[in-house]
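This report refers to the structure that appears directly beneath it.
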Amino acid sequence: MTQAHEKLEALEDELAARGADGVRLSLVRRARNFKRSWVEMAEALSMVRRKNLYLEWGYQDFHSYCQRELLLTRATVDKLTGTFAVMQEHAPQVLQRDGIAQPIPSMASVDYFAKALRGAPENDDEFALPDEQWDELRHAVFDDNQPVAVLKKNYDSVFFAKPEGAEVVETLEKTRAAARRLEGLLARATPLSEETVREAMASIAALREAIDAAIPEAKANVKRAS
């Protein structure tokens, strides 16, 4: 049993002994089990935020309540409530499934669908994807329950395609970051002679200068291509 699970179990016992609000107690119980039933957790959290129930429990902020009482980080809470909202809008029928005979897609898979939606250009017919491709992704996520690894393999090139030239910019930026890390390592490489380190540092500085000069032009080429 993890430390977080133990804390939640102790809190559940404490709240039950105090005769706490049933909804509040239910949230703690769901926090213990949300990995098995993330939709229930997400639904309950969405209700708590919508009705501001955390105020009745002595918290001034929704995320503070989630972190302090349920031991859920802001990122986890936002992902839970965000993916639940996407399911409500795009696949409400999934919320009626029992999770056993009718499996529920993983939070990661629904989040993949949500990211695809956020990345879609608005009111841009030239770059809009055909309805058939969206239907295929929706079916893969909500009907076939494909894991996110399979979704990435099959659909990244469609829904997250990088504009022409973007990989060049990405490579340059990664090379610049690697050069900075190498400079830091060389500064601590005491077994090397001062002359060796100095020459290497000079070469890295020249490399970084060349990269800094090349990146703006590479970014401009991406914008022109897009």
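The values are calculated or read from the model by the stated rules, or taken from the named source; none is laboratory data. What you are looking at is a predicted structure, and each value in this text was computed from that prediction instead of being measured. Every residue, glycine among them, receives a Cβ derived from its backbone with ideal geometry; neighbour counts consider all protein chains shown. Note: areas computed on protein heavy atoms with side chains; ligands, DNA, RNA excluded. Shrake-Rupley method; radii C 1.70, N 1.55, O 1.52, S 1.80 Å.
Per-residue answers, yes or no, for (1) among the polar types (S, T, N, Q); (2) farther than 14 Å from residue 114 by Cα:
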residue: 56; (1), (2): no, yes
residue: 59; (1), (2): no, yes
residue: 65; (1), (2): no, yes
residue: 68; (1), (2): no, yes
residue: 71; (1), (2): no, yes
residue: 76; (1), (2): yes, yes
residue: 86; (1), (2): no, no
residue: 95; (1), (2): no, yes
List every residue pair whose Cβ atoms lie under 7 Å apart, where the two residues are 6 or more positions apart in sequence or sit on different chains, the first residue falls within region 160-178 and is closer than 13 Å to residue 215 by Cβ and among the hydrophobic types (A, V, I, L, M, F, W, C), and the second residue, located anywhere, is surrounded by 14 or more Cβ atoms within 10 Å (Cβ to Cβ) and at pLDDT 80 or above.
-> 168/218; 169/215; 169/218; 169/219; 172/211; 172/214; 172/215; 172/218
Residue 47: passes all of (1) in contact (Cβ under 8 Å) with a residue 40 or more places away in the chain; (2) open to solvent by 30 Å² or more (accessible area, probe 1.4 Å) but (1)
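If you check residue 88 against the conditions, is it within 30 Å of residue 134 (Cα to Cα), more than 23 Å from the chain's Cα centre (by Cα), assigned to a helix (DSSP H, G or I) and of a type in the set (S, T, N, Q)?
no
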Can you tell me which residue within region 179-188, out of those that are in a helix (DSSP H, G or I) and either surrounded by 12 or more Cβ atoms within 10 Å (Cβ to Cβ) or of a type outside the set (Gly, Ala, Ser) (or both), is farthest from the chain's Cα centre (by Cα)?
-> 186
Does residue 136 count as farther than 28 Å from residue 28 by Cβ, assigned to a helix (DSSP H, G or I), of a type outside the set (Gly, Ala, Ser) and at pLDDT below 90?
-> no
Listed residues 108, 75; which is aliphatic (A, V, I, L, M), loosely packed, with under 12 Cβ neighbours inside 10 Å and part of a helix (DSSP H, G or I)?
-> 75
